[in-house]
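Have a look at the structure below, then the notes.
The numbers here are math on the coordinates, done by the rules we state, and not lab data. Not measured: the values here are computed from a predicted model. No Cβ is skipped: glycine too gets one built from the backbone with ideal geometry, and neighbour counts run over all protein chains shown.
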Amino acid sequence: MALESQQLLEMYRRMVTIREFDRQAVEEFHQGNIPGVVHAYIGEEAVAVGVCSALRREDRITSTHRGHGHTIAKGADVKLMMAELFGRSNGYCHGKGGSMHIADFSVGMLGANGIVGAGLPIATGAALAAQMEGGDRVAVCFFGDGASNEGAFHGSLNLASIWKLPVIYVCENNGWAVSVPASYGLSVEDVAVRAAAYNLPGVTVDGTDVLAVYEAIRLAVERARAGDGATLVECKTHRWRIHSEQRGNPQDPRPEAARDAGPQKDPIVSFSARLVEQGEATSDSLKQIDQEVESQVAEAVAFAKDSPMPKPEDALQDVFAA
Ligand SMILES: Cc1ncc(C[n+]2csc(CCOP(=O)(O)OP(=O)(O)O)c2C)c(N)n1
């Protein structure tokens, strides 16, 4: 289905926002300004944006430890995100969650998650809730190739199949789980074939092509909204950086060829070339978006730096048990 110019440019803007957010977050982490961990999503932008562009605000998503891209693509506020990364009291979780625990229910983002695979049953539950509510809301679960080897993946797909749940499972296959290559860790070459074991459709798409991702998800969403059940969509993509940022100068355990593969298939470069070629934008108008985004993210960093630290006396607020 053809997308309007405005939608295409919004997709471009969101991809660039994700790239720039993580670029500046990585820089701030290495300057010692961000505590905890940062798992950069750089290189995988086409997946989050292709998926979330096919969703409505009220549709729900669950995310992973590498969650900044999903959160931005679903429409969260970058200032509140950055403040959370900085551990400040006006961040999304009042500075208590950090990078891996950002949620914004107002845009249907049910949460990043430090436990690999944990988003799978949560999204499945959100889809069950949607089915019981009786509307046509869908749920989407983002997870990695590593997570697809866990029991949570298999149990979730089985339940989604027998209950015909309106859920789309999006596997971001970036070829690696920390230092373990998918070629070693997976029993199959394509995660998508695992759908057959649960009597569900499974497709593999080029996860560096935002429009290919969008189209696969659009079809899966249509199927879910029509009451025809779940789909597994595998997006083959590349993680450009080390698994997570580390202080000092640690070595990325992946071989050089794996590290080089990402930038050779830059999803933003290919999408911008396409937009210019199709007359949807000029390189100047895209550059203007790049500059606007850079300032917007710099403002988010400034906002985070100016934000107060949480007060010790608030430590037991917003927690379930004290
Ligand atoms: C249940 C669980 N097991 C192990 C870990 C440690 N761990 C964190 S990320 C990760 C790899 C995840 O790989 P994948 O699902 O492919 O996602 P990617 O990091 O490639 O985006 C592991 C093993 C964890 N956080 N949770």
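Please order Val107, Val269, Val140 by the number of other Cβ within 10 Å, starting at the fewest.
Val269, Val107, Val140
Residues in region 8-18 carry Karplus couplings, in order, of 5, 5, 5, 5, 4, 4, 5, 4, 5, 5, 4 Hz; the curve used is 6.51 cos²θ - 1.76 cosθ + 1.60 with θ = phi - 60°, and Gly or Pro positions show x. One decimal place: the segment Ala196-Gln264 gains 21.3 nm when fully extended, by the rule 0.36 nm per residue minus the C-alpha distance. Computed extension gain for Glu299 through Glu222, at 0.36 nm per residue and net of the alpha carbon distance, reaches 23.9 nm. Does anything in region 106-128 have its amide N under 19 Å from the 7 Å Cα→Cβ label point of His154, and if so which residues? Only 116-122, 124 pass the distance filter. The residues packed around Gln31, meaning those with a beta-carbon under 14 Å from its beta-carbon, carry a net charge of 0 if Lys and Arg are +1 and Asp and Glu are -1.
Rounded is the label for the chain, because a/c, from the alpha-carbon gyration tensor with a ≥ b ≥ c as root eigenvalues, stays below 1.5.
Remark: region 230-236, residue by residue, has Karplus-estimated 3J(HN,Hα) of 7, 9, 9, 10, 9, 10, 7 Hz, where x stands for each Gly or Pro and the curve is 6.51 cos²θ - 1.76 cosθ + 1.60 at θ = phi - 60°. Modelled spin-label separation between Lys164 and Ser179, with each label point placed 7 Å from Cα along the Cα-to-Cβ direction: 4.8 nm.
With a ≥ b ≥ c the root eigenvalues of the C-alpha gyration tensor of region 160-316, is it rounded (a/c under 1.5), prolate (a/b larger than b/c) or oblate?
Working: a/c = 1.41, a/b = 1.28, b/c = 1.10.
Here region 160-316 falls in the rounded category.
Exceeding 29 Å between C-alpha atoms, which entries from my cross-link table qualify? They are Lys96/Lys287; Lys74/Lys265; Lys74/Lys96; Lys74/Lys305; Lys74/Lys164. Exceeds cut-off: Lys96/Lys287. Here the peptides 84-93, 178-187 are ranked by packing, the mean other Cβ count within 10 Å, and the order with the highest first is 84-93, 178-187. Summarising the amide proton neighbourhood of Ala177: residues at separation of 5 or more, or on other chains, whose placed amide H is nearer than 5 Å comprise Ala182. What the phi angles of region 304-313 give under the Karplus curve with 6.51, -1.76 and 1.60, with θ = phi - 60°, is a coupling list of 4, 5, 7, 7, x, 6, x, 7, x, 5 Hz, glycine and proline written as x. Residue exposure proxy: Glu245, Glu45, ordered by other Cβ atoms within 10 angstrom of their Cβ from fewest to most, comes out as Glu245, Glu45. Under a Cβ-Cβ cut-off of 15 Å, what is the net charge of the residues other than Trp240 that fall near it, where Lys and Arg count +1 and Asp and Glu count -1? Residues near Trp240 contribute -2 overall. You can think of it this way: the chain between Leu3 and Asp284 has 99.0 nm of extra reach, that is 0.36 nm per residue less the Cα-Cα gap. Each residue in Asp136, Asp266 was given a count of other beta-carbon atoms within 10 angstrom of its own, and listing them fewest first yields Asp136, Asp266.
About its Cα centre, the dipole of the chain is roughly 560 debye, where the only charges are +1 on Lys and Arg Cβ and -1 on Asp and Glu Cβ. In terms of the Cα gyration tensor, with a ≥ b ≥ c the square roots of its eigenvalues, is region 223-289 rounded because a/c is under 1.5, prolate because a/b exceeds b/c, or oblate? Oblate is the answer for region 223-289, as a/c is 1.5 or above yet b/c matches or exceeds a/b.
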